[in-house]
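The values are calculated or read from the model by the stated rules, or taken from the named source; none is laboratory data. If you're wondering where the values come from, they're calculated on a predicted model, not measured in any experiment. Backbone-built Cβ (ideal geometry, glycine too); neighbour counts: all protein chains shown.
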Amino acid sequence: MSPAVRAPALATVLLCLAAAARAADRPAELAAPATNLLAAVSARYGAVTNLSCAVRRQVPAGGDELVSRVVFARGGRLNVETLAPEAKRVVVDGESAWTKSPGDKEPRRVAFADQSPAQKASVLCVPASPEEALAPLDPATGSDLPVPAEPFARQTVFRLRGAPPDAPGRALVSLDAAGRVRAVDLFSDAALRWRAASYAWDAPVEVLPGVWLFGRATAETAVDGSPVALSTRFDNLRANGDVDPDLFDADKAFE
């Protein structure tokens with residue numbers, strides 16, 4: 001829904017992991033369950049009712065840098081104004097998503113209810129945070145690794161929501177000493193040997209007391225079988241400020 005903010009192919013990676021049919025290796029050694037980890041992280045980000053920021057994304061293969069202004073609000077509302085390499089706007093009002101690109105006389109509408117869970121998550125989750133990457137994980141399946149790898153203070157393994165019990169796909173969530181999620185790695189095997197995608201966040205910014213977003217995000221995944229690395233910078237992060245409701249009204253936003 002928001003190409004200026006989200007890493008591509010996340011939905012594709014998750015579908016591949018959930019559908020993996022080959023036999024899994026011996027699962028990674030786990031310690032005590034950590035079923036309340038995702039709930040605690042979600043509660044922190046739940047304090048963010050709206051967010052505005054500037055976004056710059058490095059496009060691979062020599063493409064132009066993507067520059068956007070983003071305004072997010074809970075309730076499935078989003079306004080993304082892409083300034084470069086070409087002007088484009090996306091407006092989501094909680095019921096419909098509207099897009100207008102160069103050459104379009106009128107904005108095009110897509111019903112929000114018709115979008116996939118991954119597409120909905122890209123609108124419902126806070127930008128500049130790991131919230132979207134954590135949304136597909138099953139919170140009841142978390143187990144800590146007994147010895148986290150440096151530089152992380154805690155690492156927890158999860159299964160994916162809705163995956164069959166014998167599906168080998170796993171997600172490894174890594175936290176720093178302050179309890180902030182700094183990386184999510186998706187694996188196609190239970191032994192955590194075959195990494196399918198990696199997402200990481202750096203340059204933490206405390207936008208509300210105890211709520212940290214990030215000034216940089218990186219994603220390493222694959223598109224059509226070829227590795228792709230993307231880097232995104234978030235500037236001027238402002239949470240829970242005054243937001244003009246007209247930004248989420250397609251009739252007014254596209255005037």
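A few notes on this one:
- Of all residues in segment 216-237 being among the hydrophobic types (A, V, I, L, M, F, W, C) and buried (at least 16 other Cβ atoms within 10 Å of the Cβ), the one that is modelled with the lowest pLDDT: VAL228
- Listed by first and then second residue, the pairs with beta-carbon distance under 6 Å, at least 6 apart or on different chains, first residue in segment 239-250 and closer than 10 Å to PHE72 by Cα and at pLDDT 95 or above, second surrounded by fewer than 17 Cβ atoms within 10 Å (Cβ to Cβ) and among the hydrophobic types (A, V, I, L, M, F, W, C), are ALA239/LEU208.
- Cβ-Cβ under 7 Å pairs, at least 6 apart or on other chains, segment 107-121 side farther than 12 Å from GLY76 by Cβ, far side part of a helix (DSSP H, G or I): PRO107/ALA250; SER116/ALA11; ALA118/LEU10; ALA118/ALA11; ALA118/LEU14
- Within segment 200-210, tally of residues that are assigned to a strand (DSSP E or B) and farther than 16 Å from LEU134 by Cα: 7
Rundown of residues vs (1) assigned to a loop (DSSP other than H, G, I, E, B); (2) among the aliphatic types (A, V, I, L, M), yes/no style:
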position	(1), (2)
PHE152	yes, no
GLN155	no, no
GLY162	yes, no
PRO168	yes, no
ALA178	yes, yes
SER198	no, no
VAL243	yes, yes
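- Hits in segment 161-179 (condition: closer than 18 Å to ALA40 by Cα and either touching a His at 6+ places or on another chain (Cβ under 7 Å) or buried (at least 18 other Cβ atoms within 10 Å of the Cβ) (or both)): ALA171, LEU172, VAL173, SER174, LEU175
- Picking from residues in segment 89-107 that are charged (D, E, K, R) and modelled with pLDDT of 90 or more, the one that is farthest from VAL48 (Cα to Cα) is ARG89.
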